[in-house]
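Okay, structure first, notes after.
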Amino acid sequence: MKETELIQIALMLTPPWKVAGCQFDINQKRLDIHLDFAKGSRFSCPTCGQSDCAVHDTDQKSWRHLNFFQHETYMYARVPRIKCSKCGIRVIGVPWAREGSGFTLLFEAYIMLLAPSMPVKRIAELVSEHDTRLWRLLQHHVNEAREQADYSDVKQVGIDETSSKRGHNYVTIVVDLKESKSIFATEGKDNTTIGLFKDDLVKHGGDPEAIVDVSCDMSPAFIKGIEENLPNAQITFDKFHIIKTLNTAVDEVRRQEQTGHPELKNTRYIFLKNPKNLTRKQEDKLGDLKLKDLNLKTMRAYHLRLNFQELWLQPPDQAEHFLKKWYYWATHSRIEPMKKAAKTMKQHWDGILNWFKSGINNGILEGINSLVQAAKARARGYRTNDYLITMIYLITGKLQFNLPS
Ligand SMILES: [Zn+2]
(Lines give C-alpha, C1' and ligand atoms only; values in the text may rest on other atoms or scores of the structure.)
Protein backbone atom coordinates (compact mmCIF):
# COMPACT_ATOMS: atom_id res chain seq x y z
CA MET A 1 0.00 0.00 0.00
CA LYS A 2 1.27 3.42 -0.89
CA GLU A 3 1.61 5.99 1.90
CA THR A 4 -0.88 8.28 0.15
CA GLU A 5 -3.47 5.49 0.22
CA LEU A 6 -2.82 4.85 3.88
CA ILE A 7 -3.31 8.53 4.73
CA GLN A 8 -6.42 8.60 2.54
CA ILE A 9 -7.95 5.79 4.60
CA ALA A 10 -6.86 7.37 7.90
CA LEU A 11 -8.51 10.66 6.91
CA MET A 12 -11.63 8.78 5.77
CA LEU A 13 -11.61 10.74 2.53
CA THR A 14 -14.31 9.90 0.05
CA PRO A 15 -14.30 10.54 -3.70
CA PRO A 16 -13.81 12.82 -5.45
CA TRP A 17 -11.33 13.82 -2.72
CA LYS A 18 -8.04 11.94 -2.60
CA VAL A 19 -4.53 12.39 -1.27
CA ALA A 20 -2.39 13.75 -4.09
CA GLY A 21 0.89 13.60 -2.21
CA CYS A 22 2.64 14.19 1.07
CA GLN A 23 5.95 15.46 2.34
CA PHE A 24 7.41 14.30 5.57
CA ASP A 25 10.12 16.54 6.99
CA ILE A 26 11.93 14.91 9.91
CA ASN A 27 14.04 17.98 10.69
CA GLN A 28 11.14 20.42 10.70
CA LYS A 29 9.00 17.81 12.52
CA ARG A 30 6.31 18.41 10.00
CA LEU A 31 3.95 16.50 7.73
CA ASP A 32 2.29 18.21 4.78
CA ILE A 33 -0.60 16.44 3.09
CA HIS A 34 -1.84 17.64 -0.28
CA LEU A 35 -5.42 16.81 -1.18
CA ASP A 36 -7.07 17.16 -4.53
CA PHE A 37 -10.15 16.13 -6.46
CA ALA A 38 -10.13 14.24 -9.71
CA LYS A 39 -10.06 16.35 -12.81
CA GLY A 40 -13.52 16.89 -14.26
CA SER A 41 -15.27 16.19 -10.89
CA ARG A 42 -18.66 17.74 -10.39
CA PHE A 43 -20.10 18.86 -7.04
CA SER A 44 -23.50 19.57 -5.50
CA CYS A 45 -24.56 23.15 -4.93
CA PRO A 46 -24.17 23.98 -1.20
CA THR A 47 -27.17 26.32 -1.35
CA CYS A 48 -29.92 24.45 -3.26
CA GLY A 49 -28.43 20.96 -3.37
CA GLN A 50 -28.50 20.63 -7.15
CA SER A 51 -26.03 17.91 -8.11
CA ASP A 52 -23.59 17.76 -10.95
CA CYS A 53 -22.43 21.37 -10.95
CA ALA A 54 -19.26 22.15 -12.88
CA VAL A 55 -16.23 23.69 -11.18
CA HIS A 56 -15.88 27.38 -11.94
CA ASP A 57 -12.51 28.03 -10.33
CA THR A 58 -10.59 27.07 -7.18
CA ASP A 59 -9.08 28.74 -4.15
CA GLN A 60 -5.97 27.33 -2.44
CA LYS A 61 -6.51 26.73 1.30
CA SER A 62 -4.70 25.08 4.20
CA TRP A 63 -5.69 23.59 7.56
CA ARG A 64 -3.88 22.56 10.68
CA HIS A 65 -4.60 18.89 11.42
CA LEU A 66 -3.93 16.60 14.39
CA ASN A 67 -0.27 15.93 14.95
CA PHE A 68 1.16 12.83 13.35
CA PHE A 69 3.06 11.62 16.43
CA GLN A 70 5.09 14.74 17.33
CA HIS A 71 4.91 16.13 13.81
CA GLU A 72 2.77 19.14 13.11
CA THR A 73 0.47 18.21 10.29
CA TYR A 74 -1.05 20.50 7.68
CA MET A 75 -3.47 19.76 4.89
CA TYR A 76 -3.69 21.68 1.63
CA ALA A 77 -6.33 21.67 -1.07
CA ARG A 78 -7.70 23.79 -3.84
CA VAL A 79 -11.32 24.34 -2.85
CA PRO A 80 -13.65 24.62 -5.81
CA ARG A 81 -16.25 27.26 -6.48
CA ILE A 82 -19.01 25.72 -8.54
CA LYS A 83 -21.40 27.26 -11.00
CA CYS A 84 -25.03 26.42 -10.17
CA SER A 85 -27.65 27.15 -12.82
CA LYS A 86 -30.00 28.54 -10.12
CA CYS A 87 -27.69 30.10 -7.50
CA GLY A 88 -24.70 31.17 -9.54
CA ILE A 89 -21.12 30.86 -8.23
CA ARG A 90 -20.86 29.16 -4.82
CA VAL A 91 -17.95 27.96 -2.64
CA ILE A 92 -18.43 24.32 -1.72
CA GLY A 93 -17.82 22.95 1.77
CA VAL A 94 -15.10 20.37 2.38
CA PRO A 95 -15.85 17.36 4.59
CA TRP A 96 -12.79 17.76 6.86
CA ALA A 97 -13.26 21.37 7.98
CA ARG A 98 -15.93 23.97 8.56
CA GLU A 99 -15.99 27.04 6.41
CA GLY A 100 -13.67 29.83 7.49
CA SER A 101 -11.64 27.70 9.90
CA GLY A 102 -7.93 27.13 9.49
CA PHE A 103 -8.23 23.89 11.48
CA THR A 104 -9.63 20.52 10.50
CA LEU A 105 -12.68 19.31 12.41
CA LEU A 106 -10.63 16.63 14.13
CA PHE A 107 -8.13 19.23 15.32
CA GLU A 108 -11.02 21.33 16.62
CA ALA A 109 -12.51 18.31 18.39
CA TYR A 110 -9.14 17.69 20.02
CA ILE A 111 -8.94 21.28 21.35
CA MET A 112 -12.53 21.02 22.60
CA LEU A 113 -11.54 17.84 24.43
CA LEU A 114 -8.56 19.48 26.15
CA ALA A 115 -10.15 22.82 26.99
CA PRO A 116 -12.27 21.71 29.99
CA SER A 117 -9.24 20.32 31.78
CA MET A 118 -6.34 22.60 30.85
CA PRO A 119 -5.82 26.38 30.69
CA VAL A 120 -6.18 27.65 27.12
CA LYS A 121 -2.82 29.43 27.35
CA ARG A 122 -1.21 26.07 28.11
CA ILE A 123 -3.01 24.31 25.22
CA ALA A 124 -1.79 27.05 22.88
CA GLU A 125 1.80 26.33 23.93
CA LEU A 126 1.29 22.61 23.59
CA VAL A 127 0.04 22.80 19.99
CA SER A 128 2.09 25.88 19.02
CA GLU A 129 -0.88 27.98 18.03
CA HIS A 130 -1.84 31.50 19.06
CA ASP A 131 -4.30 31.36 21.95
CA THR A 132 -6.69 33.89 20.35
CA ARG A 133 -7.18 31.45 17.45
CA LEU A 134 -8.06 28.70 19.93
CA TRP A 135 -10.47 30.96 21.80
CA ARG A 136 -12.17 31.82 18.51
CA LEU A 137 -12.60 28.11 17.84
CA LEU A 138 -14.02 27.44 21.32
CA GLN A 139 -16.37 30.40 21.09
CA HIS A 140 -17.61 29.25 17.69
CA HIS A 141 -18.57 25.79 18.93
CA VAL A 142 -20.04 27.02 22.21
CA ASN A 143 -22.15 29.65 20.41
CA GLU A 144 -23.29 27.17 17.79
CA ALA A 145 -24.25 24.57 20.41
CA ARG A 146 -26.02 27.21 22.51
CA GLU A 147 -28.08 28.30 19.50
CA GLN A 148 -29.39 24.74 19.23
CA ALA A 149 -30.07 24.33 22.95
CA ASP A 150 -33.68 23.80 23.97
CA TYR A 151 -34.73 25.20 27.36
CA SER A 152 -38.48 24.66 26.97
CA ASP A 153 -38.68 22.34 30.02
CA VAL A 154 -37.00 24.64 32.52
CA LYS A 155 -39.09 25.19 35.66
CA GLN A 156 -36.66 25.50 38.57
CA VAL A 157 -33.57 27.67 38.31
CA GLY A 158 -30.76 28.71 40.59
CA ILE A 159 -29.12 32.10 40.20
CA ASP A 160 -25.64 32.79 41.45
CA GLU A 161 -22.85 35.22 40.82
CA THR A 162 -19.15 34.66 40.56
CA SER A 163 -16.40 37.23 40.70
CA SER A 164 -13.83 37.46 37.97
CA LYS A 165 -10.56 39.40 37.87
CA ARG A 166 -10.01 39.47 41.62
CA GLY A 167 -13.45 40.64 42.53
CA HIS A 168 -13.66 43.77 40.37
CA ASN A 169 -16.15 42.19 38.06
CA TYR A 170 -19.06 39.81 38.27
CA VAL A 171 -20.70 37.21 36.10
CA THR A 172 -24.25 36.06 36.85
CA ILE A 173 -25.01 32.40 36.13
CA VAL A 174 -28.43 30.79 35.81
CA VAL A 175 -28.63 27.05 36.40
CA ASP A 176 -31.37 24.62 35.41
CA LEU A 177 -31.72 22.81 38.74
CA LYS A 178 -33.41 19.73 37.28
CA GLU A 179 -30.72 19.08 34.68
CA SER A 180 -27.99 20.62 36.86
CA LYS A 181 -26.44 22.62 34.06
CA SER A 182 -25.78 26.30 33.38
CA ILE A 183 -28.23 27.71 30.85
CA PHE A 184 -27.24 31.37 30.94
CA ALA A 185 -24.26 33.49 31.92
CA THR A 186 -23.78 37.22 31.57
CA GLU A 187 -21.62 40.04 32.89
CA GLY A 188 -22.84 41.93 35.96
CA LYS A 189 -24.89 41.08 39.04
CA ASP A 190 -27.69 43.63 39.07
CA ASN A 191 -31.42 43.15 38.41
CA THR A 192 -31.01 43.69 34.64
CA THR A 193 -29.14 40.37 34.36
CA ILE A 194 -32.44 38.59 35.14
CA GLY A 195 -34.13 40.50 32.31
CA LEU A 196 -31.40 39.33 29.93
CA PHE A 197 -31.94 35.78 31.15
CA LYS A 198 -35.66 36.06 30.44
CA ASP A 199 -35.04 37.19 26.84
CA ASP A 200 -32.53 34.41 26.29
CA LEU A 201 -34.89 31.80 27.76
CA VAL A 202 -37.62 32.84 25.30
CA LYS A 203 -35.12 32.52 22.43
CA HIS A 204 -34.51 28.92 23.47
CA GLY A 205 -38.17 27.92 23.60
CA GLY A 206 -38.56 28.55 27.33
CA ASP A 207 -41.43 30.32 29.06
CA PRO A 208 -40.63 32.86 31.83
CA GLU A 209 -44.11 32.22 33.28
CA ALA A 210 -43.33 28.51 33.59
CA ILE A 211 -40.51 29.21 36.04
CA VAL A 212 -42.05 28.32 39.40
CA ASP A 213 -39.03 28.21 41.69
CA VAL A 214 -35.87 30.27 41.87
CA SER A 215 -33.05 29.68 44.27
CA CYS A 216 -30.71 32.63 44.91
CA ASP A 217 -28.93 34.62 47.57
CA MET A 218 -30.58 37.42 49.56
CA SER A 219 -29.32 40.22 47.30
CA PRO A 220 -31.98 42.89 46.66
CA ALA A 221 -30.89 43.07 42.99
CA PHE A 222 -31.76 39.44 42.25
CA ILE A 223 -35.02 39.66 44.20
CA LYS A 224 -36.04 42.75 42.21
CA GLY A 225 -34.99 41.15 38.90
CA ILE A 226 -37.00 38.01 39.66
CA GLU A 227 -40.13 39.96 40.63
CA GLU A 228 -39.90 42.00 37.42
CA ASN A 229 -39.23 39.16 34.99
CA LEU A 230 -40.41 35.83 36.38
CA PRO A 231 -43.96 36.56 37.56
CA ASN A 232 -44.82 33.07 38.83
CA ALA A 233 -41.55 32.31 40.56
CA GLN A 234 -41.36 31.62 44.28
CA ILE A 235 -37.98 32.50 45.71
CA THR A 236 -36.12 30.03 47.90
CA PHE A 237 -33.04 31.50 49.49
CA ASP A 238 -30.06 29.30 49.03
CA LYS A 239 -28.84 27.50 52.17
CA PHE A 240 -25.19 28.13 51.34
CA HIS A 241 -25.74 31.89 51.15
CA ILE A 242 -27.85 32.01 54.31
CA ILE A 243 -25.08 30.25 56.25
CA LYS A 244 -22.58 32.64 54.70
CA THR A 245 -24.54 35.60 56.12
CA LEU A 246 -24.47 34.01 59.58
CA ASN A 247 -20.77 33.18 59.25
CA THR A 248 -19.98 36.80 58.43
CA ALA A 249 -21.83 37.84 61.60
CA VAL A 250 -20.00 35.26 63.75
CA ASP A 251 -16.67 36.47 62.39
CA GLU A 252 -17.56 40.06 63.15
CA VAL A 253 -18.28 39.08 66.77
CA ARG A 254 -14.96 37.24 66.95
CA ARG A 255 -12.98 40.16 65.53
CA GLN A 256 -14.53 42.59 68.01
CA GLU A 257 -13.92 40.24 70.92
CA GLN A 258 -10.33 39.28 70.15
CA THR A 259 -9.05 42.68 71.36
CA GLY A 260 -9.83 41.66 74.93
CA HIS A 261 -9.31 37.95 74.31
CA PRO A 262 -6.04 37.31 72.44
CA GLU A 263 -6.74 33.55 72.55
CA LEU A 264 -9.30 34.24 69.79
CA LYS A 265 -6.59 35.31 67.34
CA ASN A 266 -6.16 33.01 64.34
CA THR A 267 -9.35 31.13 65.11
CA ARG A 268 -11.38 32.52 62.20
CA TYR A 269 -11.58 29.25 60.26
CA ILE A 270 -12.53 27.23 63.33
CA PHE A 271 -15.76 29.21 63.67
CA LEU A 272 -16.48 29.12 59.93
CA LYS A 273 -16.44 25.33 59.82
CA ASN A 274 -18.83 22.75 61.12
CA PRO A 275 -17.47 20.68 64.05
CA LYS A 276 -17.19 17.52 61.95
CA ASN A 277 -14.93 19.28 59.42
CA LEU A 278 -12.37 20.58 61.92
CA THR A 279 -8.79 19.35 61.79
CA ARG A 280 -7.43 17.65 64.90
CA LYS A 281 -5.54 20.82 65.82
CA GLN A 282 -8.61 23.02 65.35
CA GLU A 283 -10.67 20.60 67.42
CA ASP A 284 -8.16 20.85 70.29
CA LYS A 285 -8.13 24.64 70.10
CA LEU A 286 -11.94 24.80 70.21
CA GLY A 287 -11.91 22.35 73.15
CA ASP A 288 -9.45 24.59 75.00
CA LEU A 289 -11.62 27.65 74.48
CA LYS A 290 -14.64 25.77 75.84
CA LEU A 291 -12.73 24.47 78.89
CA LYS A 292 -11.58 27.95 79.89
CA ASP A 293 -15.25 28.84 80.26
CA LEU A 294 -14.71 32.49 79.33
CA ASN A 295 -18.35 33.04 78.48
CA LEU A 296 -17.25 34.23 75.04
CA LYS A 297 -19.76 36.00 72.83
CA THR A 298 -18.01 34.35 69.90
CA MET A 299 -18.89 30.93 71.29
CA ARG A 300 -22.53 31.90 71.74
CA ALA A 301 -22.66 33.39 68.24
CA TYR A 302 -21.13 30.18 66.87
CA HIS A 303 -23.81 28.10 68.58
CA LEU A 304 -26.49 30.35 67.14
CA ARG A 305 -25.12 29.61 63.68
CA LEU A 306 -24.88 25.85 64.33
CA ASN A 307 -28.40 25.81 65.69
CA PHE A 308 -29.76 27.66 62.64
CA GLN A 309 -28.44 24.92 60.38
CA GLU A 310 -30.75 22.45 62.09
CA LEU A 311 -33.64 24.32 60.51
CA TRP A 312 -33.20 22.24 57.35
CA LEU A 313 -33.50 19.02 59.37
CA GLN A 314 -36.94 19.93 60.76
CA PRO A 315 -40.14 18.27 59.60
CA PRO A 316 -41.93 20.78 57.33
CA ASP A 317 -44.75 21.46 59.81
CA GLN A 318 -42.21 22.31 62.55
CA ALA A 319 -39.98 24.56 60.42
CA GLU A 320 -41.60 27.90 61.09
CA HIS A 321 -41.91 27.20 64.80
CA PHE A 322 -38.19 26.34 64.87
CA LEU A 323 -37.28 29.52 62.99
CA LYS A 324 -39.38 31.64 65.38
CA LYS A 325 -37.59 30.13 68.41
CA TRP A 326 -34.22 30.77 66.81
CA TYR A 327 -35.20 34.34 65.97
CA TYR A 328 -36.25 34.99 69.56
CA TRP A 329 -32.98 33.53 70.86
CA ALA A 330 -30.84 35.56 68.41
CA THR A 331 -32.65 38.86 68.97
CA HIS A 332 -32.29 38.40 72.74
CA SER A 333 -28.63 37.41 72.56
CA ARG A 334 -27.34 40.93 73.22
CA ILE A 335 -24.80 40.32 70.46
CA GLU A 336 -25.27 43.09 67.90
CA PRO A 337 -24.01 41.34 64.71
CA MET A 338 -26.23 38.32 65.49
CA LYS A 339 -29.24 40.54 66.15
CA LYS A 340 -28.61 42.20 62.81
CA ALA A 341 -28.31 38.81 61.07
CA ALA A 342 -31.57 37.73 62.71
CA LYS A 343 -33.30 40.84 61.29
CA THR A 344 -32.00 39.89 57.84
CA MET A 345 -33.58 36.46 58.30
CA LYS A 346 -36.85 38.10 59.35
CA GLN A 347 -36.87 40.19 56.15
CA HIS A 348 -36.40 37.04 54.07
CA TRP A 349 -38.65 34.82 56.18
CA ASP A 350 -40.90 33.33 53.47
CA GLY A 351 -38.04 32.72 51.08
CA ILE A 352 -36.17 30.81 53.77
CA LEU A 353 -39.18 28.65 54.62
CA ASN A 354 -40.06 28.12 50.93
CA TRP A 355 -37.35 25.49 50.85
CA PHE A 356 -39.74 23.12 52.59
CA LYS A 357 -42.20 23.53 49.68
CA SER A 358 -39.87 23.82 46.69
CA GLY A 359 -37.56 21.02 47.81
CA ILE A 360 -34.70 22.72 45.98
CA ASN A 361 -31.53 20.69 46.14
CA ASN A 362 -28.93 22.98 47.66
CA GLY A 363 -26.09 20.80 46.44
CA ILE A 364 -26.65 21.55 42.76
CA LEU A 365 -25.68 25.23 42.90
CA GLU A 366 -22.67 24.36 45.04
CA GLY A 367 -21.64 21.59 42.65
CA ILE A 368 -21.84 23.91 39.66
CA ASN A 369 -20.01 26.57 41.61
CA SER A 370 -17.01 24.30 42.07
CA LEU A 371 -17.01 23.63 38.30
CA VAL A 372 -17.16 27.39 37.73
CA GLN A 373 -13.98 27.70 39.80
CA ALA A 374 -12.39 25.28 37.33
CA ALA A 375 -13.70 27.38 34.43
CA LYS A 376 -12.04 30.43 35.98
CA ALA A 377 -8.73 28.62 36.09
CA ARG A 378 -9.02 27.74 32.38
CA ALA A 379 -9.75 31.37 31.47
CA ARG A 380 -7.24 32.90 33.88
CA GLY A 381 -4.97 35.66 32.65
CA TYR A 382 -7.41 37.24 30.20
CA ARG A 383 -9.06 40.63 30.47
CA THR A 384 -12.34 39.70 28.91
CA ASN A 385 -15.33 38.17 30.68
CA ASP A 386 -16.38 36.69 27.33
CA TYR A 387 -13.73 34.01 27.70
CA LEU A 388 -14.87 33.18 31.21
CA ILE A 389 -18.49 32.95 30.02
CA THR A 390 -17.46 30.68 27.12
CA MET A 391 -15.64 28.44 29.57
CA ILE A 392 -18.62 28.36 31.97
CA TYR A 393 -20.85 27.13 29.13
CA LEU A 394 -18.24 24.65 27.97
CA ILE A 395 -17.68 23.10 31.39
CA THR A 396 -21.10 23.44 33.05
CA GLY A 397 -23.55 23.80 30.11
CA LYS A 398 -23.84 20.13 29.07
CA LEU A 399 -24.01 21.33 25.45
CA GLN A 400 -24.15 19.08 22.40
CA PHE A 401 -21.29 19.88 20.07
CA ASN A 402 -21.41 19.18 16.39
CA LEU A 403 -17.97 17.59 16.07
CA PRO A 404 -16.49 14.24 15.08
CA SER A 405 -15.55 12.06 18.02
ZN1 LIG B 1 -27.82 26.10 -6.29
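The values are calculated or read from the model by the stated rules, or taken from the named source; none is laboratory data. Predicted model, so just to flag it, every value in this text is computed and none were measured. Positions of Cβ are generated from backbone atoms using ideal geometry, with glycine treated the same way; all protein chains shown enter the neighbour counts. Heavy atoms of the whole protein, side chains included, go into the accessibility calculation; ligands, DNA and RNA do not. Shrake-Rupley method; radii C 1.70, N 1.55, O 1.52, S 1.80 Å.
List of remarks:
- From Ser219, Ser215, Ser182, residue being closer than 18 Å to Asn385 by Cβ and not basic (Lys, Arg): Ser182
- Members of the stretch 21-56 that are away from the ligand (no atom under 16 Å from the Cβ) and touching an Asp or Glu at 6+ places or on another chain (Cβ under 9 Å): Gly21, Cys22, Gln23, Phe24, Asp25, Gln28, Lys29, Arg30, Leu31, Asp32
- Boolean, Asn385 is more than 24 Å from Glu310 (Cα to Cα), touching a residue at least 40 places away in the same chain (Cβ under 8 Å) and in contact with an Asp or Glu (Cβ under 9 Å, 6 or more places away or on another chain): yes
- Segments classed as helices (runs of 4 or more DSSP H), wholly inside the stretch 188-265, with at least 2 members that are within 20 Å of the chain's Cα centre (by Cα): 192-203, 239-257
- Yes/no for Ile7 being in a strand (DSSP E or B) and open to solvent by less than 60 Å² (accessible area, probe 1.4 Å): no
- Boolean, Ala379 is of a type in the set (Gly, Ala, Ser), touching a residue at least 40 places away in the same chain (Cβ under 8 Å) and surrounded by 13 or more Cβ atoms within 10 Å (Cβ to Cβ): yes
- Selection within the stretch 275-289 - open to solvent by less than 60 Å² (accessible area, probe 1.4 Å) and closer than 16 Å to Asn247 by Cβ: Leu278, Gln282, Leu286
- Hey, Val154 more than 16 Å from the ligand (Cβ to nearest atom), aliphatic (A, V, I, L, M), surrounded by 14 or more Cβ atoms within 10 Å (Cβ to Cβ) and at pLDDT below 95 or not: no
- Criterion violated by Ser62 - all others in (1) within 16 Å of the ligand (Cβ to nearest atom); (2) closer than 24 Å to Asn402 by Cα; (3) surrounded by fewer than 16 Cβ atoms within 10 Å (Cβ to Cβ) satisfied: (1)
- The criterion of at least 1 residues that are touching a strand residue (DSSP E or B) at 6+ places or on another chain (Cβ under 6 Å) is met, among helices (runs of 4 or more DSSP H) falling completely within the stretch 296-405, by 349-353, 355-358, 362-378, 385-396.
- Matching residues in the stretch 65-88 - criterion: being within 16 Å of the ligand (Cβ to nearest atom) and among the β-branched types (Val, Ile, Thr): Ile82
- Single match in Ala115, Ala97 (criterion: in a loop (DSSP other than H, G, I, E, B) and touching a residue at least 12 places away in the same chain (Cβ under 8 Å)): Ala97
- Restricting Ile82, Ile33 to residues that are under 24 Å from His130 (Cα atoms), assigned to a strand (DSSP E or B) and open to solvent by less than 20 Å² (accessible area, probe 1.4 Å) narrows the list to Ile33.
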